[in-house]
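The values are calculated or read from the model by the stated rules, or taken from the named source; none is laboratory data. Being a predicted model, the structure only gives us computed values, none of them experimental. Here the Cβ positions follow ideal geometry from the backbone for every residue, glycine too, while neighbour counts run over all protein chains shown.
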Amino acid sequence: MRTRWIALVLGLTAVLTASASARDTTTGLAAGTPPNIIVLLADDMGFGDPRCFNPDSKALTPHMDRLAREGRRFIDAHSPSSVCSPTRYALLTGRYAWRSRLKRGVLKPWDPALIEPGRLTLPALLKRHGYATAAFGKWHLGWTWTGLDGKPLAAEENDFPRRVDFTRPILEGPTTRGFDDFFGMVGNTVASPCLLENDRPLFTGASPPLNEPPDIAGVPRALLEPWEERNSLPVLTEKVTWYLDQQGAEAPRRPFFVYFAMTAPHAPLIPYGRFRGLTAHGDECDLVSQLDDTVGRVLDAIERNGLADNTLVLLSSDNGSPGFADEGAPTASVIARYGHHPNGPWRGMKGDAHEGGHRVPLIARWPGRVPPGTTSDETVCLVDLLATCAALVGDRLPEEAGEDSHDILPALLGVPHKTPIREATVHHTLTGMFAIRQGDWKLILGRGSGGFTLPQDVPSKPGEPAGQLYHLKDDPKETNDLYTQRPEIVTRLTTLLETYQRTGRSAPWPPRPQAPSR
């Protein structure tokens with residue numbers, strides 16, 4: 001009898017342990033040490049730029065290819081918008097930017113903060129769980145400058161750059177939105193180039209740095225003087241790797257979150273040093289290759305500091321590529337000139353409602369957790385990072401946060417589940433045009449692309465449909481418009497989008513658990 005009881009207890013213990021292990025795989029993973037999280041966000045890198053997504057890419061991307069071999073590729077991943085600022089807002093807040101004041105376009109260099117005071121952000125969430133949080137690179141989400149009279153400047157004031165007092169701190173910047181540390185710039189190109197550390201400008205334009213040490217927070221002065229646009233990525237790379245070295249030297253270590261908003265391959269297409277002419281396929285391919293080198297240097301820093309095994313690395317892009325070939329010839333297509341397809345097989349480009357505007361590469365690596373060398377066709381969106389990281393640390397978002405963010409941790413970890421994680425995904429364009437995707441059906445609410453390639457609002461002619469409908473499985477290049485043939489699909493998707501707009505959220509509340517497949 002006693003033997004049977006021992007066997008029963010051991011068996012029950014094994015079942016409970018297995019159940020807890022399965023639960024730990026898809027939820028908070030709270031039983032283990034919280035992972036470091038590094039988000040590497042490229043600027044204007046298309047789906048077809050990395051060779052691991054497009055074997056015919058003319059860019060050289062050995063480090064991104066290695067990341068894919070060691071991690072998981074997502075081939076149906078999307079940016080929340082097909083242009084810059086809205087994607088960055090959504091990534092950090094879990095909320096589509098069209099719910100904010102930004103209804104179209106991107107922020108101007110001097111615009112005030114887009115992330116509302118008090119809104120929960122990804123770094124603020126992780127700080128609650130003991131994380132150190134740092135942002136590097138292109139912010140492009142607004143802040144407030146102080147004028148020479150000591151008063152905050154309004155974005156619409158004339159001759160804005162000449163009225164800024166660059167010796168004063170900025171207000172409402174990254175360090176007020178959840179980041180402990182910031183090192184970067186307002187955007188890629190501004191009227192007066194400015195590098196900032198935390199809330200303090202370091203220098204502007206051709207002026208010397210405002211502080212005197214031989215280097216600035218780990219960045220050699222040789223890279224900083226003279227300051228030019230081509231210096232941006234090398235300077236940021238030096239700073240990020242320096243930060244990782246500091247994290248590796250800390251004892252005891254605390255988990256950290258790094259958001260590295262890289263500045264390439266966005267215009268100006270000016271590859272740095274040895275990268276210019278490297279590929280013989282134009283500035284865009286050279287700049288993607290330089291970006292890949294930055295990715296490699298970050299991965300090297302992770303490994304030499306013994307951080308790799310407990311670090312989740314996510315690599316993606318803020319939108320598709322505009323497809324320019326060379327600096328000085330911005331209207332020349334890299335496809336026509338060099339045979340490089342930066343957006344892969346997809347129709348359209350940056351700014352568009354078509355897939356080329358927002359279908360982006362996404363790679364996740366976390367040794368021992370994310371299955372290496374695998375591919376996922378789950379539809380995911382960068383707006384999902386907030387809910388996913390909340391699940392990662394065993395937290396649940398409050399109802400007033402992450403309204404459009406879904407927990408995609410099961411897809412990251414390769415855990416089978418019965419139903420799609422996202423009910424539908426909303427796309428948004430440069431001009432404010434909406435599209436909605438559910439399963440294989442995609443509805444675009446307007447004519448044209450909604451981006452750079454056609455006028456803002458292409459009017460429908462008498463008898464012409466008001467939108468476009470495509471079945472992506474049968475028609476991945478969006479050439480066969482079924483809008484008039486499938487009115488029931490048009491009605492269903494239009495109603496769903498209107499519901500998302502009216503209710504203020506697209507993620508379910510309370511969040512529904514993902515049922516595993518049997």
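Output yes when any residue across the range 35-49 is in the same structural domain as PHE260 (by TED's automatic domain parsing), more than 24 Å from GLY323 (Cα to Cα), among the acidic types (Asp, Glu) and touching a strand residue (DSSP E or B) at 6+ places or on another chain (Cβ under 7 Å), and no when none is.
no
Pull out all pairs, ordered by first then second residue, where Cβ-Cβ is under 7 Å, the residues are six or more apart or on different chains, the first lies in the range 126-147 and is without any contact (Cβ under 8 Å) to a residue 24 or more places away in the chain and assigned to a strand (DSSP E or B), and the second is of a type in the set (Ser, Thr, Tyr) and surrounded by 24 or more Cβ atoms within 10 Å (Cβ to Cβ).
none
Take the residues of the range 308-333 that are modelled with pLDDT under 95 and touching a helix residue (DSSP H, G or I) at 6+ places or on another chain (Cβ under 7 Å): which is surrounded by the fewest Cβ atoms within 10 Å (Cβ to Cβ)?
ASP326
Quick one: which of ARG359, ARG347, ARG297, ARG337 is of a type in the set (Lys, Arg), touching a Lys or Arg at 6+ places or on another chain (Cβ under 6 Å) and in the same structural domain as PRO86 (by TED's automatic domain parsing)?
ARG347
Rundown of residues vs (1) under 30 Å from VAL393 (Cα atoms); (2) hydroxyl-bearing (Ser, Thr, Tyr), yes/no style:
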site: ARG230; (1), (2): no, no
site: PRO234; (1), (2): no, no
site: GLN247; (1), (2): yes, no
site: PHE256; (1), (2): yes, no
site: TYR272; (1), (2): no, yes
site: GLY277; (1), (2): no, no
site: ASP292; (1), (2): yes, no
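Quick check, is ALA132 over 30 Å from GLN438 (Cα atoms), of a type outside the set (Val, Ile, Thr), surrounded by 21 or more Cβ atoms within 10 Å (Cβ to Cβ) and out of contact with any Ser or Thr (no Cβ under 9 Å at 6 or more places or on another chain)?
yes
Against the definition (assigned to a loop (DSSP other than H, G, I, E, B), at pLDDT 95 or above, under 18 Å from the mean Cα position of the chain (by Cα) and assigned by TED's automatic domain parsing to the domain that holds GLY356), how does ASP404 come out, yes or no?
Taking the combined requirement at face value, the residue satisfies it.
If you take the residues in the range 386-413 that are under 15 Å from THR503 (Cβ atoms) and of a type in the set (Asp, Glu), which one is surrounded by the fewest Cβ atoms within 10 Å (Cβ to Cβ)?
GLU399
Name the pairs: first residue in the range 488-505 and in a helix (DSSP H, G or I), second residue modelled with pLDDT of 95 or more and surrounded by fewer than 17 Cβ atoms within 10 Å (Cβ to Cβ), Cβ to Cβ under 7 Å, at least 6 apart or on different chains?
none
Just for the range 158-185: of the residues that are in contact (Cβ under 8 Å) with a residue 40 or more places away in the chain and assigned to a loop (DSSP other than H, G, I, E, B), which one is surrounded by the fewest Cβ atoms within 10 Å (Cβ to Cβ)?
Checked the range 158-185; the qualifying residue surrounded by the fewest Cβ atoms within 10 Å (Cβ to Cβ) is THR167.
Could you please let me know if ARG369 is surrounded by fewer than 24 Cβ atoms within 10 Å (Cβ to Cβ), over 14 Å from the mean Cα position of the chain (by Cα), among the charged types (D, E, K, R) and closer than 15 Å to VAL415 by Cβ?
For ARG369, the condition - surrounded by fewer than 24 Cβ atoms within 10 Å (Cβ to Cβ), over 14 Å from the mean Cα position of the chain (by Cα), among the charged types (D, E, K, R) and closer than 15 Å to VAL415 by Cβ - is met.
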